[in-house]
Amino acid sequence: MIQVSIKNNNKVKYYVLLALFSIVISFLAVYFCAFFFSPLYEHFLVRPETTDSTFFMVLGRMLAEGATPYIDVLDHKGPYLFYFLELAALINPLWGFYIFQSIISSICLFCALDIGHELGLRKGYSAVYFFATFILLFLIHDFVTLDASFIFCTYIPLWLFVKAYKTKNYKLYTASCLSAGLSIGILIFSRATSAAVPCIIALAVFLHSLFDKDYANLPLYILFGVFGIVLACAIPIVISSAGGYLDEMFTWTFTKNGNYIFASLFDFSNWRIDKIGVLLFSSLTMLILPYCIYKTHEEKEKNFAIIVISMILIDGVFNLLASLLLHHLQMSYPIYLLGFTGLLNYVKLKINNKSQKKSQTNYGQVLAGILSAITIIYIFAFPYVSQSILNNYPLYSTENIYKQREIKSYIEEKYDGDAKVIVLDLDPSIYMNLNTLPSYKVYSNQFWWYNTDVYPNIDKELETYFSSKDKPDLIFTICDINESILSVGNLNQTVQENYTLLENYSYYPVWYVYEAK
C-alpha cells in the first residue's frame, strides 16, 4: 500500500514538473522565436509578402471589434479558426496571440515529451528527442497559421493512445477516440485534408482492439469517436445559424476552400519548392522509421510496432498525395516524433548490445548538456541575429517602419486617426502598424484570391468600391504592378482617376500609397 502511494506521488511530481517545464519553455520560445506576433517584435512587424500569421491577426482584431464572419470579413478557412482568433484578439490585440499560441505549444510539448517518456527515452536520448520536438514546434513553426492553431488536434489523441497502450487503461482508449472524433470534426470545418491524422489515430485504436481481441469495447470506442465528430460539427452550425451566416459559412468553408485546393494542385511554383520538401521528408520517414520501430519492438511489442508502422506509412502516403506545402506537415509532426522514438530506441538497443553502458551514460550526459546549451543560446540569440540580418533588406529595415510611422502621424493629423485604409497585396501588418482596421472585407492578398478562383469577381467589386462615395481614404499597393490586383481589368485606371500618389509617403521600391482625390 505504501509502495503504491509512493509510486502515485512520484507520478504526480513527474507530471507537475513536466507541465511546468513545458509551460516555461513554450512561453520563452514563443516570445523569442515568434517573429510575427511576439510583443518583443511589436516594432518590427513588416514582412516581404502576405503571410498567414499577420493576415489572421488582423482578422482576429476585426472579429473582436464586432465584424461578422463571412460577411464583414472573408476567409476560406473554417469557423473554428475565426473563433480562436477572435478569442485571442479579445484577450489583447497583440499579447493575446502570444498567450494563445504559447498555451497551445505548451500542451503539444507536454504531450510529445510524455510520449517519449512512456516509450522509454531517458538521459541523452530524451535530450535528443526534446531537441527534435523543439525544432518541430518552434524553429520551423509558422505560428498563428491554421496548422499551428490546431496542432493540438493531433498531439492530444496520439498521447492518449500511447498512454492507453502502455498503462493498459482501456478508459484512455475511449478518451483517445473521443478526442480524435472532436479533432476530426474541428478539422473538417477548418481544412478537411488535415483531418487525416486524427483519422489515422482512430484507426490505430481499431487495430489495437483487433490485435488485443478487445471486441467488447470496440462499439464503445466507435460510439465515442462518432459522438466527438458530431459534437464538433454541431458547434459551428449552431453558432453560424444563430449569427445569420450559416449559408456563407458553408460556402466559404467548403466550396471556396475547394476552389483554393484545386487551384493549388496546379500551382507548380509550390511543386518546385515545397512539394519537393514534402516528398523528401515523407519518403525518408517512410523508409527509415518503420525499420527502426520494428527492430526495437519486434520481441515484446510486435503488435505496437505494426500499428505505429501502419500509422507512419498511411500518413506518409497521404502527405505525398495531398500535402502541397511544407507547413501542412505540422499536423503529422506527432506521428513523426512517435517514429523518432523508435529510431532513438534502436540506437540505444545497438549500443546496449555492444555492452557500452558506461560510455552510453557519459555520452548521454554530454549530449544533454550540448543540446541544452544550443537551445538556450538559440532562444536568446534569435531576436538579435534576426534583426541585424533583416536590416540589410529594404522591406525588413527599420526605415520601412519609420516610413509607416510618418504615415500614421499624417493620418492622425489629417483624419484624426480615423482614415479608411485598404492594403492591396502587401502584408496586412500595415494595418497594425497604423493602428487601424481594414475598410474592406478582403483586406489583403487580393491578387492571390483572384488567381486561385476563390474570389474571381474581386477586381470588379474593387473597381466599384474605389469609385464610390464611400471609397477608402488611403490605398497601399505593391510597387510591382505585375504582382498586384491592379494588373487585372481596369482597376489600375480606376485608382489613377480617383486617387493621387503620395510620393513623400511612399516607400520605394516596396510600396506606394494613394490618397483619395
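The values are calculated or read from the model by the stated rules, or taken from the named source; none is laboratory data. Note that the structure is predicted; figures quoted are calculated from it, not measured. Backbone-built Cβ (ideal geometry, glycine too); neighbour counts: all protein chains shown.
Summed over the stretch 462-480, the residues that are more than 27 Å from the chain's Cα centre (by Cα) and surrounded by 15 or more Cβ atoms within 10 Å (Cβ to Cβ) give a count of 11. Regarding THR494, is this residue part of a helix (DSSP H, G or I) and touching a Phe, Trp or Tyr at 6+ places or on another chain (Cβ under 6 Å)? Answer is yes for this residue. Among the residues of the stretch 81-101, are any touching a residue at least 40 places away in the same chain (Cβ under 8 Å) and at positive phi? No, the stretch 81-101 contains no residue that is touching a residue at least 40 places away in the same chain (Cβ under 8 Å) and at positive phi. Consider ILE411 against the criteria (1) modelled with pLDDT of 90 or more; (2) buried (at least 17 other Cβ atoms within 10 Å of the Cβ); (3) out of contact with any helix residue (DSSP H, G or I) (no Cβ under 9 Å at 6 or more places or on another chain): it satisfies all of them except one. Which criterion is unmet? Of the numbered conditions (1) modelled with pLDDT of 90 or more; (2) buried (at least 17 other Cβ atoms within 10 Å of the Cβ); (3) out of contact with any helix residue (DSSP H, G or I) (no Cβ under 9 Å at 6 or more places or on another chain), the odd one out for ILE411 is (1). Residues considered: THR154, THR174, THR193. Of these, the only one that is in a helix (DSSP H, G or I), among the β-branched types (Val, Ile, Thr), more than 16 Å from TYR333 (Cα to Cα) and in contact (Cβ under 8 Å) with a residue 24 or more places away in the chain is THR174.
Of all the criteria given as (1) of a type outside the set (Ser, Thr, Tyr); (2) more than 20 Å from THR54 (Cα to Cα); (3) part of a loop (DSSP other than H, G, I, E, B), the one not satisfied by LEU462 is (3). Taken together, the criteria exclude LEU81 from residues that are within 22 Å of TRP252 (Cβ to Cβ) and out of contact with any Asp or Glu (no Cβ under 9 Å at 6 or more places or on another chain). Entry remark, the stretch 490-501: residues being touching a residue at least 24 places away in the same chain (Cβ under 8 Å) and either under 15 Å from TYR440 (Cα atoms) or out of contact with any Lys or Arg (no Cβ under 7 Å at 6 or more places or on another chain) (or both) number 5 in total. Among the criteria (1) at pLDDT below 95; (2) crowded, with 24+ Cβ neighbours inside 10 Å, the one THR193 does not fulfil is (2). Could you tell me whether the stretch 143-152 includes any residue that is within 28 Å of TYR346 (Cα to Cα) and in the same structural domain as TRP252 (by TED's automatic domain parsing)? Scanning the stretch 143-152 turns up at least one residue that is within 28 Å of TYR346 (Cα to Cα) and in the same structural domain as TRP252 (by TED's automatic domain parsing).
Helices (runs of 4 or more DSSP H) fully within the stretch 224-316 that include at least 3 residues being at pLDDT below 90 and surrounded by 15 or more Cβ atoms within 10 Å (Cβ to Cβ): 257-265, 276-297. The residues of the stretch 205-219 that are of a type in the set (A, V, I, L, M, F, W, C) and either under 24 Å from the mean Cα position of the chain (by Cα) or exposed (fewer than 14 other Cβ atoms within 10 Å of the Cβ) (or both), listed by number, are LEU210, PHE211, ALA216. If I ask for residues that are at pLDDT 90 or above and outside any loop (DSSP other than H, G, I, E, B), which ones from the stretch 467-486 would you list? The answer is LEU474, ILE475, PHE476, THR477, ILE485, LEU486.
Just to be sure, is TYR512 modelled with pLDDT of 85 or more, among the aromatic types (Phe, Trp, Tyr), outside any helix (DSSP H, G or I) and over 26 Å from ILE71 (Cα atoms)? For TYR512, the condition - modelled with pLDDT of 85 or more, among the aromatic types (Phe, Trp, Tyr), outside any helix (DSSP H, G or I) and over 26 Å from ILE71 (Cα atoms) - is met. A count restricted to the stretch 432-459 and to residues that are under 22 Å from the mean Cα position of the chain (by Cα), in a loop (DSSP other than H, G, I, E, B) and either under 15 Å from VAL421 (Cα atoms) or assigned by TED's automatic domain parsing to the domain that holds ASN92 (or both) stands at 4. Quick one: in the stretch 420-438, of everything that is surrounded by fewer than 22 Cβ atoms within 10 Å (Cβ to Cβ) and either aliphatic (A, V, I, L, M) or within 27 Å of GLY258 (Cα to Cα) (or both), which residue is modelled with the highest pLDDT? In this case the residue turns out to be LEU437.
Screening the candidates HIS76, HIS43 for the property of being surrounded by 17 or more Cβ atoms within 10 Å (Cβ to Cβ) and either assigned to a loop (DSSP other than H, G, I, E, B) or at pLDDT 85 or above (or both) yields one hit, HIS76.
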